[in-house]
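Below: one structure, written as structure tokens.
We did not get these values from a lab; they are worked out from the coordinates using the rules stated. Just so it is clear, the structure is predicted and the values come from calculations on it, not from any experiment. Methodologically, a virtual Cβ is constructed for each residue, glycine included, from the backbone with ideal geometry; neighbour enumeration extends over all protein chains shown.
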């Protein structure tokens, strides 16, 4: 009997070793293949977390997501894998297509969002609906590490600025400090404070919600308790921002605030999220009594009869197939480069004298053209005998890649400040261009894109054209054209716009001689 028991123990140990080895080996291959396929996306996200304080909490999100998976490990062990080849395969391919579309269009957000779709598709394909049901929250939680929240927070900043300025002013008045609110400005006898966009507290609320969701899921039962916890912590964080505004006003009034934009100001901002975190822990303690915690942290083994058996050969082959798909997709995305399309003629051959305009070489205007990483560029100032002058810039890309994009996010910011106007060109035709008036820098800039023989002013239309060309022709070349005039006085806008339009009229027919279709 002893020998039999010993042989059974050894057999079980061998079986467990094989199970763990197969699972870990296949999981390791899948992780490697996913990391290879999404390497550029992960690099982009890490750079964002490192350089943007708003998303610095992104470093924690993957680890919290993994922990949410870990606490469900016993429940996952007893679910029998039931691969869904059709739905899972379609979802996986959809994720990879979104990734390719994002790279072709140069829209990093699409690439990052595709990771969520690809992960969900992989789980459904390899393990089935039961696993996806248990893992949907850890997968969806990864959205917090992606800069998608700007579309929501952008609309919340002004209401929260007004809310903080209004209640902050009332607190100052309640404390005996003479304060008057004018919109988002708080006027004190010795200083005027602005509750700026960055001081609205909205960005810290996202971090509070990102921590509140896993806490609610781990420790609370019932959706209403979880909703109450999130709502309570966000409300407390919002009111703490009001206290911060009142504190800054008080310190400024008594002349002990120091540098309003120094380390103390940053610390005050962090206090908003810290108070929100404190509200989360307090809310969990209050709402979890007398209810039992939602998650089980014990390590009690699952019933032996329901443990997973050694992975079937079909599952192993399916997993290896997914690895191959991810590696092939990653290889295409990393190493495939669209056709490089050179200029028809060097930009240096662009006429120095055009109509009544005479030009000379200048340095690019970094405030607009910036460091685009273009392949070829031309920067000149042109002047007429009547004293009218403009600065002319062409930046051309033979092909585009990550970090080397014509229509990127910096240009989107420029578009938001612009208005579209019509400019007449040769032959009685009209083209649409963007006009940006910068009163601080005292200049007006006209800009548009020259893509595949066409003039495009709209940012989204330019993205669409380039995406189509990239997907179907493998070509991503294009140029940005800028004409800038100085404004000595605000009333000079009409005059500066007129002679800029006159310059565009004479140079536009020359562009097709240099820029390829």
Problem - Spin-label pair residue 162/residue 384, simplified geometry with 7 Å Cα→Cβ offset, distance in nm - result: 4.6 nm
Handout entry: Gained length - residue 377 relative to residue 42, 0.36 nm times residue gap less alpha-carbon distance
Key = 117.5 nm
Handout entry: Solution diffusion estimate, µm²/s, Stokes-Einstein, segment 115-246, Kirkwood Rh from C-alpha pairs, 4 °C, viscosity 1.567 mPa s
Key = 75 µm²/s
Fill in the blank from the handout: Two pseudo-spin positions, 7 Å from Cα along C-beta at residue 52 and at residue 471, lie apart in nanometres by 2.5 nm
Completion exercise
quick shape note, segment 82-135: Cα extents on principal axes in Å, largest first -> 37, 19, 10
Handout entry: Extension gain (nm, one decimal) between residue 419 and residue 404, 0.36 nm per residue minus Cα-Cα
Key = 2.8 nm
Problem - Two-site label geometry, residue 486 and residue 247: point separation in nm, points 7 Å out along Cα→Cβ - result: 4.7 nm
Problem - Relative contact order (percent, whole number), segment 347-513, Cα cutoff 8 Å, 6+ residue spacing - result: 22 percent
Exercise for the section: Would you mind getting me the FRET efficiency between residue 441 and residue 349? Use the beta-carbon distance for r and R0 = 35 Å, nearest 0.05. Expected result: 0.70
Handout entry: Sites residue 426 and residue 460 - FRET efficiency at Förster radius 35 Å, r taken between beta-carbons, to 0.05
Key = 0.80
Completion exercise
In Å, the Kirkwood estimate of hydrodynamic radius for segment 393-512 over Cα pairs equals 15.1 Å
Handout entry: Segments 448-456, 380-388 sorted - mean Cβ within 10 Å per residue, highest first
Key = 448-456, 380-388
Fill in the blank from the handout: Cα convex hull volume per residue for segment 33-80, in Å³, equals 83 Å³
